[in-house]
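Working notes, structure below.
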Amino acid sequence: VQLQASGGGSVRSGGSLGLSCVASGRTFNSIHMGWFRQAPGKGREFVAAISWSDGNTVYAEPVKGRFTITRDNAEYTTSLQMNSLKPEDTAVYYCAAARYIWSDYAIDTEYDYWGQGTLVTVSS
């Protein structure tokens, strides 16, 4: 599976951005999708994930109520709608895919495939 993320950019605090991740391959319908981010000087952190089987979603606490993850199996795409953005949301955002989630959607080692990252900058 190859992942191609897009949609990053610059926005003022309180604004919105949408990220998309297109997956290659016919196995998209049976893989879990997630978004992670890495801020300058910090480690990678979980943002959101969506299961392939029932569309169940999981969010990190800092983004709950502001971010929404969706997937379109027909288009092999997962999206992350980000509203009410804050300067602390500034990071490179990565989409990721997992064939199986053994323990926790929020653990990056659960994911087998990663996109190249797209930069989101939120100014105050």
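Nothing in this text is a laboratory measurement; each read-out follows from the coordinates by a stated rule. Quick caveat: nothing in here was measured; it's all calculated off a predicted structure.
Quick one: Cα centre-to-centre distance for region 1-59 and region 74-112, in angstrom? The distance from the Cα centre of region 1-59 to that of region 74-112 comes to 3 Å.
On full extension, the segment bounded by Thr70 and Ser24 gains 14.8 nm, given 0.36 nm per residue less the C-alpha separation. For the chain, DSSP calls about 90 percent of its internal beta bridges antiparallel. Computed on region 11-64, the Cα convex hull volume stands at 121 Å³ per residue.
For the chain, take the alpha-carbon Rg, divide it by the Kirkwood Rh, and send me Rg/Rh.
Here the Rg-to-Rh quotient is 0.94.
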